[in-house]
Amino acid sequence: MTATIDVWMQHPTLRFMSHEMFASLRRWTGDEAPTAELPLKLTIAAMDAAGVEQGLICAWYGPDGPLISNEEVAGFVAAHPDRLVGVASVDIRTPHAAVRQLRHAVRDLGMRALRVVPWLWGLPPNDRHYYPLYVECIELGIPFCTQVGHTGPLRPSDVGRPIPYLDEVALAFPELTIVAGHIGYPWTAEMVALATKYPQVYIDTSAYTVRRYPAELVEYLRGHGRHKVLFGSNYPMITAERALADLDRLALDATTKELFLAGNARRVFGL
């Protein structure tokens with residue numbers, strides 16, 4: 001069985017799962033908002049069910065404060081250090097403090113990447129608030145992870161358009177490794193173009209099941225993009241087991257399958 005690394009997961013806190021902006025996702029999945037904190041063993045069990053060897057679990061910071069804090073993520077990782085890898089987030093509104101926050105998360109808490117979700121802030125990734133963080137990511141030697149494409153939660157989608165926003169970032173920061181999650185739909189062709197254009201830009205498939213991968217992404221993954229696409233689930237919104245249920249439909253050769261499920265993640269995140 002091919003080992004799998006899931007590059008976009010959350011172990012959700014109660015305040016994360018019950019936030020009003022996720023009402024649309026609950027409507028799609030049919031899930032009710034929880035009334036108590038979920039035990040970490042549920043996340044590990046979901047990984048086991050799909051054969052996920054390691055999961056990158058992320059913090060969530062937005063204008064209302066941390067929905068999942070860096071310290072909480074570090075605690076989850078400490079409980080299962082062989083299975084979980086931490087991804088930091090920060091409050092981007094005060095760039096100097098955000099840089100200090102990121103530095104602490106990486107140096108003291110052991111985080112391996114930074115994720116900022118643009119629609120949470122209503123600011124595209126080429127906004128000036130991000131730029132000091134890009135420099136710090138380069139200095140710390142960690143990837144910058146973000147979201148591209150339309151917004152499932154009840155927020156505007158425009159900030160997730162790859163061109164021009166992420167295009168300008170990749171051009172301005174050629175040393176910055178960028179992992180763009182959620183495929184970029186309905187602008188997937190733009191995202192494929194950026195991953196083709198820039199050696200440091202990658203795509204992760206979080207928030208989509210294999211059955212829903214756009215044709216242009218599948219073509220890219222099977223061909224010259226085999227080193228540029230990483231598997232992600234966006235757990236708990238989608239489990240890895242559900243996301244990969246139709247993996248054989250992609251008709252990947254053995255090398256491409258290993259790169260997609262684990263090899264590219266190991267290289268990009270230094271696992």
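The values are calculated or read from the model by the stated rules, or taken from the named source; none is laboratory data. All values reported here derive from a predicted model rather than from experimental measurement. All Cβ positions, even for glycine, are placed from backbone atoms using ideal geometry, and neighbour counts span all protein chains on display.
Looking at ALA49, ALA78, which one is surrounded by fewer than 14 Cβ atoms within 10 Å (Cβ to Cβ), assigned to a helix (DSSP H, G or I), over 15 Å from the mean Cα position of the chain (by Cα) and in contact (Cβ under 8 Å) with a residue 40 or more places away in the chain? Write out each step before concluding.
Values: ALA78 fails: in contact (Cβ under 8 Å) with a residue 40 or more places away in the chain.
After applying the criteria, what remains is ALA49.
So that you can scan it fast, the table gives a plain yes or no per residue for (1) within 16 Å of the chain's Cα centre (by Cα); (2) at pLDDT 95 or above:
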| residue | (1), (2) |
| --- | --- |
| VAL116 | yes, yes |
| LEU140 | no, yes |
| THR151 | yes, no |
| ILE183 | yes, yes |
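Any chance you could count how many residues in the range 100-129 are crowded, with 17+ Cβ neighbours inside 10 Å and assigned to a helix (DSSP H, G or I)?
Step one: list which residues in the range 100-129 are crowded, with 17+ Cβ neighbours inside 10 Å, which gives 101-102, 105-106, 109, 111-121, 123-126.
After this cut, where a residue has to be assigned to a helix (DSSP H, G or I) as well, the list is 101-102, 105-106, 118-121.
Final tally of qualifying residues: 8.
Looking for whichever is under 19 Å from PRO124 (Cβ atoms), touching a residue at least 12 places away in the same chain (Cβ under 8 Å), part of a helix (DSSP H, G or I) and aliphatic (A, V, I, L, M) here; the options are LEU259, LEU194, LEU176. Which one fits?
Testing whether each residue is under 19 Å from PRO124 (Cβ atoms), touching a residue at least 12 places away in the same chain (Cβ under 8 Å), part of a helix (DSSP H, G or I) and aliphatic (A, V, I, L, M) leaves just LEU194.
Do the conditions hold for ALA207, that is, is it touching a helix residue (DSSP H, G or I) at 6+ places or on another chain (Cβ under 7 Å) and either in a helix (DSSP H, G or I) or closer than 29 Å to ASP127 by Cβ (or both)?
Details: touching a helix residue (DSSP H, G or I) at 6+ places or on another chain (Cβ under 7 Å): no; either in a helix (DSSP H, G or I) or closer than 29 Å to ASP127 by Cβ (or both): yes.
No.
Go over the candidates ILE138, ILE92 one by one and state the one that is outside any helix (DSSP H, G or I), of a type in the set (A, V, I, L, M) and either in contact with a His (Cβ under 7 Å, 6 or more places away or on another chain) or more than 26 Å from ILE238 (Cα to Cα) (or both). Talk me through it step by step, then tell me what you get.
Values: ILE138 fails: outside any helix (DSSP H, G or I).
Going through ILE138, ILE92 in turn, the sole match is ILE92.
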Worksheet item: What is the number of the single condition among (1) closer than 21 Å to GLY232 by Cβ; (2) out of contact with any helix residue (DSSP H, G or I) (no Cβ under 7 Å at 6 or more places or on another chain); (3) modelled with pLDDT under 95; (4) not polar (S, T, N, Q) that TYR61 does not meet?
Response: (3)
Fill in: Residue, nearest to ALA113 (Cα to Cα), within the range 165-214, restricted to residues that are polar (S, T, N, Q) and surrounded by fewer than 19 Cβ atoms within 10 Å (Cβ to Cβ)
GLN200
Worksheet entry | Tally, over the range 180-191, of residues that are out of contact with any Leu (no Cβ under 7 Å at 6 or more places or on another chain) and assigned to a strand (DSSP E or B) | 1
